[in-house]
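Structure first, then comments.
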Amino acid sequence: MDFNQFIIMKHELLLTITVMVLLVAELTINDKKRIIPIAISLFGLHTALGFFWNESGALFGGMYQTSELIILMKNILNIGVFIVLLQSANWLRKPENFNKISEYFILLFSTLIGMNFMISSGEFLMFYLGLELATIPMAALVAYNTFNQKSAEAGVKLILSAAFSSGIMLFGISLFYGQFGSTYFQQLSMISMDTPLAILALIFFLSGLSFKISLVPFHLWTADVYEGAPVNITSYLSVISKGAAVFILTILLFTIFRTMVEVWTNIIYIIAILTMTIGNLFAIRQQNIKRFLAFSSIAQAGFILLGIIGTSSLGMATVIYFMLIYIFSNLGAFGVVSVISDYSGKENIDDYNGLYHSNPKLSLVMMLSLFSLAGIPPIAGFFGKFFLFTAAAEQGYYWLVLIAVINATISLYYYLIVVKAMFINKNDTPIAKIKSDNYARFALVICVVGIFIIGFFGSLFEYINHLSFGI
Amino acid sequence: MDILTSLILIPVLTVLALLFCKELKNIRVIAAVGMTIQLLQAIRLVFIYMAERASGNDSEMILKKSYQWFESINIQYAVGVDGISVLMILLTGIIIFTGIFTSWKMEYLTKEFFISLIVLATGVFGFFISLDLFTLFLFYELAVLPMYLLIGIWGTGKKEYAAMKLTLMLMGGSALLLVGLLGIYFNSAPDGGQLTFNILEIAKVTIPIEAQRFFFPLTFIGFGVLGALFPFHTWSPDGHASAPTAVSMLHAGVLMKLGGYGAFRVAMYLMPEAANEMAWIFIILTSTSVIYGALGAIVQTDLKYINAYSSVSHCGLVLFAVLMMNQTAFDGAILQMLSHGLMTALFFALIGMIYERTGTRDIKKMGGLMKVMPFLAVAYVIAGFASLGLPGLSGFVAEMTIFVGAFQNEDTFHRIVTIIAVSSIVVTAVYILRVVGKILLGPMIDEKHSLISDAVWHEKIPIFVLLFTIIAMGIAPLWMSDIIWESLGPIVDKLVMLTN
């Protein structure tokens, strides 16, 4: 193994090194709070290094593969994780989390390693390994507030549903293996998989993956887990975890399942409609802001499927572009929720009444993020959604696009409910003026700058589209 | 810096300046200065346009500029204007300028109010200069959303309900529109070749008729929702009635014109075959709008509701005229947009001022106001006369042209709907004269009203400007009509040639 091969795996290796450094730091540093800046700056370094020395290639006989597109996906996830870390700094400094600060980082980075392996996998076993590595520490993170019953319950729910979905997925994988005698994507993509058994296998496999992205009808765990988990873990789950799963789903559908395109477009078509509609309808009814964002993120996943159903390089590009925007918008919203829940402990939409009068800046960030999620110009979310719809329309799915845009209008309704609470509703006892910490502020600034400028730089989309070409 | 882009940049810079401004006084001054510059630019644009035409430039759009934005989907930032859009920009300039002055006394969250108002105006200006369907759509949505905050925060009455209803209905309309625009895009190169969002490029090709049949109704209704097309007009009365004065002015005056303009310039111009086929359905709907709006105005007692229903009727007339498929009617449609924009803005401004003084908008609780506020009352009477189409004022010019155009269609169907639409003039006269007689003349009903004072300087500015333009348009409509007439050429070529 020469140096070049290390470079190919740099994302995973650097993260592993970071985790090890943190383990040592945990042993040697007495003041645990000092771990926070160390961990965040190490991860910042890792994020920055991710943009340099990009080498594509395959390792271990094709079990691990990477390309510029995959590196881009990992970088997008890194940026998201970096923002999540900044947002969690203040929460970690609380006395009850004092003794488990380094655990937080180590577990979080482990899941990220898993996701990186998953995206880079060239083979089903590797994929499965990455997936599990991404899931199991996640359950520990969800149950991070050990003494909070809801948090513990959420952890158990996550691990049980994850185990169940993994089982289904493994069954699908084993059917593929039994039929075609290979687990390598490279070889499978050459075989014309048109047998009924392969279709059955595909359905099992898709169901398992749908759990991870929380597509309807496999979404039932989402709201409870999102509500129970600490805010920052919720944002990590709804953005990073989901993002990684969407990326690998897109890659797999576009490469090895290319020969079954007629089968899976039908499945995705129905799932997309269900996911958007049900996610939206449930979001309308929510009172808890975390559950609200959970259902909104389910609906957003439905929109993403429109890019996947585009089945072209344009579709691929729009999915990645949308995820990039989604990271900034959703983390902007979660950032505000996390600041408010840290300082006031309030998590209901009603509590946000009159927020603009006491905390104008936080309210503005929240409004911009929600508008971006709703797809209002000139904020980036508009471009993301428009392109997703374009990708679907390119294949002639005009009815699907129509249903999607009507759903986007419905989603606007509940986003406006939060805006209304903050700007219009009167409140005698609004949340007091919050002086947020520098980390959180920095994170929110990144999000706002992101959602404002991404849309105006056409070259960014062109770059993604260029990389997606030919996949 | 080309003048068209500056029309977007000036409001954007004004908004940025407002963001960093703290004192109430400065906020108003910055907003007023920004929008005055904007109005001057709009006037300058008219002169530049006329000079270009006089020097023999007869291309469809002038001052064209385009920059590549998203290359792979061929989205461009493409701008350009013809006579119609130049006049619409002038109208927008006048109304946002007067709107700023009518909101001079706004005290609750002043900065936020002006920012939202100017963002809305930015969207409208951007819409009228866009040649690219993507940017057109972007600006369209940008113009709609600030309405939610403007009505929800600064409105009166059932403001939250009205704001939500308006936003969702308009966004629902733009949902249909989005599908329509994507459909146009993917059919913009039926013989192969580069797909495009550019209106001028698409106008050169013929979109396959099957596609037109699907996408024309979507696009037309999408724009029609904003143009108060029956039965999608229900947002309009509630929205206008709850909105603060300047917002009602801008919304009824300009925003509803986006609907008419878009239906004409995008839906009909780009898909003429389907437009011809389906015109009858929409003619029935629009003539319903015209008569329904007028009848609705009769039974209302709230001044703003009266005017809102009257807007439904007048904007219905715009859509009615564009469906009549001849140059005279098109000319009338554009004139009606301008005339109604000015007139309704004046109405809403006056209603706002009356409401500020009397504390009520119920016509049953007012009377004899002419004695205490002669200036406002006279302005109201003139606006009313313009609305019912008195010769010498703008309304007459517009409606006359529309009906002359409509009568050029000789078949029975067109005759009948035209007669129905014409009869709305009578109904208009009824509700206008009723209001004027009730609140301005007659005995004073509420004794407290005798203490009312007349308009002050920042109220007189908008009223003078609007009155001047209404009268000017009524007395000398020809220069405007000529500008419109020659710009209609390419559109008429595409639409009318088909019918013959």
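Computed from the coordinates by the stated procedures, all read-outs in this text should not be read as laboratory data. Small disclaimer: the values here were computed from a predicted structure and weren't measured. No Cβ is skipped: glycine too gets one built from the backbone with ideal geometry, and neighbour counts run over all protein chains shown.
Rounded to the nearest 20 debye, the dipole magnitude of segment A:3-468 is 1000 debye, with +1 charges on Lys and Arg beta carbons, -1 on Asp and Glu beta carbons, and the Cα centre as origin. Here B:Lys257 is the anchor, and the aspartates and glutamates within straight C-alpha reach of less than 17 Å, apart from those fewer than 8 places off in the same chain, are B:Asp82, B:Glu141, B:Asp331, B:Glu399.
Between B:Asn26 and A:Lys433, the distance separating the two model label sites (each 7 Å from Cα on the Cα→Cβ line) works out to 1.9 nm. Placing unit charges on the Cβ atoms of the charged side chains and taking the dipole of segment A:3-468 about its Cα centre, the candidate lying farthest along the positive direction among A:Ile173, A:Leu23, A:Ser110 is A:Leu23.
Put in order of Cβ neighbour count within 10 Å, fewest first, the listed residues B:Val465, B:Val205 become B:Val205, B:Val465. Measuring between their Cα centroids, segment A:199-243 and segment B:247-311 lie 46 Å from each other.
Per-residue counts of other Cβ atoms within 10 Å, averaged by peptide: what ranking do you get for A:103-110, B:301-308, B:467-474, A:57-64, highest first?
Working: A:103-110: 21.2, B:301-308: 22.8, B:467-474: 19.1, A:57-64: 15.2.
Highest to lowest by the protection proxy: B:301-308, A:103-110, B:467-474, A:57-64.
Computed from phi, the 3J(HN,Hα) profile of segment A:116-128 under the Karplus parametrisation 6.51, -1.76, 1.60 (θ = phi - 60°) reads 4, 4, 4, 5, 7, 5, x, 6, 5, 5, 4, 4, 5 Hz, with x in place of Gly and Pro.
Cross-link partners for B:Lys364 among the aspartates and glutamates, with Cα-Cα distance under 12 Å and sequence neighbours closer than 8 places in the same chain left out: B:Asp302, B:Asp446. Each other residue within a Cβ distance under 11 Å of B:Ala379 adds +1 if Lys or Arg and -1 if Asp or Glu, for a net charge of -1. Each Lys or Arg adds one and each Asp or Glu subtracts one; over the other residues with Cβ under 15 Å from the Cβ of B:Phe214, this totals -2. Taking all Cα pairs closer than 8 Å and separated by 6 or more residues, the relative contact order of segment B:3-499 comes to 15 percent. What full-extension length gain, to one decimal in nm, is calculated for B:Leu478 and B:Ile284 as 0.36 nm per residue of separation minus the Cα-Cα distance? Answer, rounded to one decimal: 66.8 nm. Each Cα pair under 8 Å and six or more residues apart adds its separation to the average, and for segment A:3-468 the resulting relative contact order is 15 percent.
With point charges of +1 on the Cβ of Lys and Arg and -1 on the Cβ of Asp and Glu, referenced to the Cα centre of segment B:3-499, which listed residue (B:Ile471, B:Asn409, B:Leu178) lies farthest in the positive direction of the dipole? In segment B:3-499, that residue is B:Ile471. Since only B:Phe47, B:Tyr67, B:Ile10 are under comparison, the one whose Cα sits farthest along the positive direction of the charge dipole of segment B:1-116, derived from C-beta charges on Lys, Arg, Asp and Glu, is B:Ile10. Straight Cα distances below 23 angstrom link A:Lys346 to the lysines A:Lys94, A:Lys150, A:Lys290, A:Lys361, A:Lys420, A:Lys426, A:Lys433, A:Lys435, with same-chain residues fewer than 8 positions distant left out. Across segment A:304-309, computed HN-Hα scalar couplings (Karplus, 6.51 cos²θ - 1.76 cosθ + 1.60, θ = phi - 60°) run 4, 4, 5, x, 5, 5 Hz from first to last residue, x flagging Gly and Pro. On a 26 Å Cα-Cα criterion, which of the cross-link pairs B:Lys159/B:Lys365; A:Lys33/A:Lys157; B:Lys25/B:Lys304; B:Lys111/B:Lys371; B:Lys111/B:Lys158; B:Lys64/B:Lys165 come out too long? With Cα atoms farther than 26 Å apart: A:Lys33/A:Lys157; B:Lys25/B:Lys304; B:Lys111/B:Lys371; B:Lys64/B:Lys165.
In whole angstrom, note down how far apart the Cα centers of segment A:32-49 and segment B:333-366 are. Using only Cα atoms, the two centres lie 61 Å from each other.
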